[in-house]
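Enquirer: Dropping the structure in here first, questions after.
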Amino acid sequence: MNDQHAQSAAASAATVSPAVEADAIAARLGTAEKTWAAAPLGERVALLERFGRLVDEHAAAWVEAACRIKQLPAGSPLEGEEWISGPWAVLTYVPALAETLRRLQQGTDVLAGFHTRTVGTDQLAIDVLPHSIYDRLLLNGYSASVWMQPGVTKDDVRREAGLTQRDPAATRGSALVLGAGNIFSIAPLDVLYQLYAENRVAVLKLNPIAEELEPVLRAVFAPYLELGVVEIITGGVEIGSALAHHPGIAAVHMTGSERTHDAIVWGPAEEASVRKQAGTPLLGKPITSELGGVAPVIIVPGTWTAADIEHQAQHVATMRLHNSGFNCIAGQVVVLSSDWEQKDEFLAALRRALASAPHRPAWYPGCETRVAGARGLHASAEAVGGTPERTLITGLDLSDADETAFTEEYFGPVLGVAELPGRGESFLRAAVDAANERLHGTLGANLIVDPATMKGLGDVVEQQIARLRYGTIGVNVWTGLGYLTAHATWGAFPGHPLEDVQSGRGVVHNALLLDRTERTVVRGPFRTAPRGLLHGELTISPKPPWFVDNRTAGTTGRLLTGFAASPSVTALPGIFVSALRG
């Protein structure tokens, strides 16, 4: 089906019932699957690269639409969030995935150029960042590694890397992708993962919040729409449900809330309870998902300078306030040592950072209700200022089994603080235990530890990283970098059953197309340049452009996006100058 046909079908959808529309879509995708099965790897690479060129061509329109949805004023530094979490994230993924596909086509080693090592309890890790010289320059001091599940060997990885693209003709039906409404690279990256990792044709149902992006997404997906192997639709719950349960749709992938997931898998609340007890899900097909959770920010006590305190307060504020807090990976509970002498100084700086972050509308539906609900349950809740009103909740008790801050994702500008006694290893071990056992979800965990303290703890930090049961762990860098790293995996820690899905099942991104992954660990400098160099940290990276108080994030994000589309040494000075001014 060509794009004109797709638009015509979408325009006429309102005149037919969801069931009839779902029948038609499933039938078209059934035919399109044969087209995809007949497409060799070379053609699939060409489609992907044409898609990348179209993302570059329409990047400005993408960001403009995203800013309208989020009510960001033109020229605001906050535009940087939309460049980086939008077209830049996609444009860095396209060449990474294309490289893997070319290696499969040529029969060469997918892991060539990637260093492997042993971590944790004799697990294999693959270092995926930095990968190129440009990574070493633009993300200097940052790294990422993908940890494989216990027992997976290097030979296993080499044998399995490439997933379904080792036999592209063996397609696996069609998938429904239920797109996210908060970060606008999620839906296109999820569709690409269905096409290339799962070897399924796909229908993308846009979240109603993101419908203004439909023309841009149709433009960039034109190569796939013309083949008919991707369809893009809008609409409400009815068409989504009809497709999810349609016998012609082989699988579902969604990004959203655990509540939405359970409604799809188990049915309405009362029915869901009965079905869960009986182990009889309403959805009779595979579903993968990314569902967020309550992300911890563990701060290991150390001796920090005043500048360290201010920088890390801005760092934690970014973890909560990026995208107004409407992120599945937003930091929600800061875990501090009650014995840290600088605790009160840090909390004062955190209040300032939350209050002084750029004002922005509460654009995502339900924000005011969620914030009011959190405040109403906590007498210690402080309105620290800013727009939307930022809330800090101190004094949370990690031994309180009824504490809702540990079980409900706030999805808004609310940050909690809990304290545990101790220093060094005793504190870190207790904090990891609390994160694993008390906080709902396993999507991401953040750990902040200064270099002197890390050195003094020796192997303890690495041992405790290995104990954290989270899909992405950030050490001195927000876990959001894991989302932005093309070769990294993104998803919950493996093992959640359908009846207690928490942060979801399965992974996405994963440009190496690895099987049996466990987690991604990303690392960054405790101090950025130039201050870090004065303290012996070998990094030339200044304040990251994703920090909410970065003054040049809009320009830097736009320049990085252009560079991702057409890497050039001559473009680097402009990026560096903009980044240093941030």
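The values are calculated or read from the model by the stated rules, or taken from the named source; none is laboratory data. Everything numeric here is computed off the predicted structure, so don't read it as measured data. A quick note on method: Cβ atoms are made from the backbone with ideal geometry, for glycine too, and the neighbour counts reach across all protein chains shown. In case anyone asks, the SASA skips ligands and DNA or RNA and just uses the protein heavy atoms, side chains included. Shrake-Rupley method; radii C 1.70, N 1.55, O 1.52, S 1.80 Å.
Enquirer: Could you work out the relative contact order of region 492-582, using alpha carbon pairs under 8 angstrom and six or more residues apart, expressed as a whole percent?
Expert: Here the relative contact order equals 19 percent.
Enquirer: What residues qualify as long-range amide H neighbours of VAL334, i.e. H under 5 Å apart, gap of 5 or more or another chain, H built at 1.01 Å from N?
Expert: HN-HN under 5 Å from VAL334: VAL297, GLY416, VAL417, ALA418.
Enquirer: Can you work out the FRET efficiency for the pair LEU377 and LEU572, with r the C-beta to C-beta distance and R0 = 45 Å, to the nearest 0.05?
Expert: After rounding, the FRET efficiency stands at 0.35.
Enquirer: Under unit Cβ charges (Lys, Arg +1; Asp, Glu -1), what dipole magnitude, rounded to 20 debye, does region 61-130 have relative to its Cα centre?
Expert: Dipole of region 61-130, to the nearest 20 debye: 120 debye.
Enquirer: Which whole-number percent is the relative contact order of region 334-423 (Cα, under 8 Å, 6+ apart)?
Expert: It rounds to 40 percent for region 334-423.
Enquirer: Based on Cβ point charges of +1 for Lys and Arg and -1 for Asp and Glu, what charge dipole magnitude is obtained for the chain about its Cα centre, in debye rounded to the nearest 20?
Expert: 1060
Enquirer: Also, I was wondering about something else. Return the long-range amide H neighbours of VAL477 (sequence gap of 5 or more, or a different chain), with a cut-off of under 5 Å between placed amide H atoms.
Expert: Those lying under 5 Å, H to H, from VAL477 are LEU447, GLY524.
Enquirer: Please compute the modelled spin-label separation between ALA169 and GLN277, points set 7 Å along Cα→Cβ, answer in nm with one decimal.
Expert: Those two pseudo-labels are separated by 5.1 nm.
Enquirer: Give me the percent of the accessible area of region 475-549 that comes from carbon and sulfur atoms, probe 1.4 Å, all protein chains in place.
Expert: C and S atoms contribute 58 percent here.
Enquirer: A further question on this structure: Counting only helical runs of four or more DSSP H residues, what would the 222 nm mean residue ellipticity of the chain come to if each run contributes -39,500 (n - 2.57) and the total is spread over all its residues?
Expert: It comes out at -12500 deg cm²/dmol, rounded to the nearest 500.
Enquirer: Would you mind getting the accessible area per residue of the chain, heavy atoms of the protein chains only, 1.4 Å probe, in Å²?
Expert: Heavy-atom SASA per residue in the chain reads 36 Å².
Enquirer: Just to verify a number: what accessible area does VAL569 come out at with the full protein assembly present, 1.4 Å probe, Å² rounded to tens?
Expert: 100
Enquirer: Another question, then. Could you tell me which chymotrypsin sites (Phe, Trp or Tyr not before Pro) in region 483-548 are loop residues by DSSP with no more than 15 other beta carbons within 10 angstrom of their beta carbon?
Expert: Loop-located and lightly packed - none at all.
Enquirer: Next question, about the same structure. What are the ³J(HN,Hα) couplings of region 530-537, residue after residue, when phi is run through the Karplus curve with 6.51, -1.76, 1.60 and θ = phi - 60°? Round to Hz, x for glycine and proline.
Expert: x, 4, x, 4, 5, 10, x, 8
Enquirer: Same structure, new question: With unit charges on the beta carbons (Lys and Arg positive, Asp and Glu negative) and the dipole taken about the Cα centre of the chain, which residue among THR552, ALA349, GLY120 sits farthest to the positive side?
Expert: Towards the positive end, the residue furthest out is THR552.
Enquirer: Rounded to whole Å, give me the distance from the Cα center of region 90-138 to that of region 548-578.
Expert: Answer, in whole Å: 23.
Enquirer: Now for a separate question. Sequence neighbours fewer than 8 away in the same chain don't count; with that in mind, list the aspartates and glutamates whose C-alpha is under 12 Å from LYS205.
Expert: Excluding near neighbours in sequence, the set is ASP190, GLU214, GLU231, GLU238.
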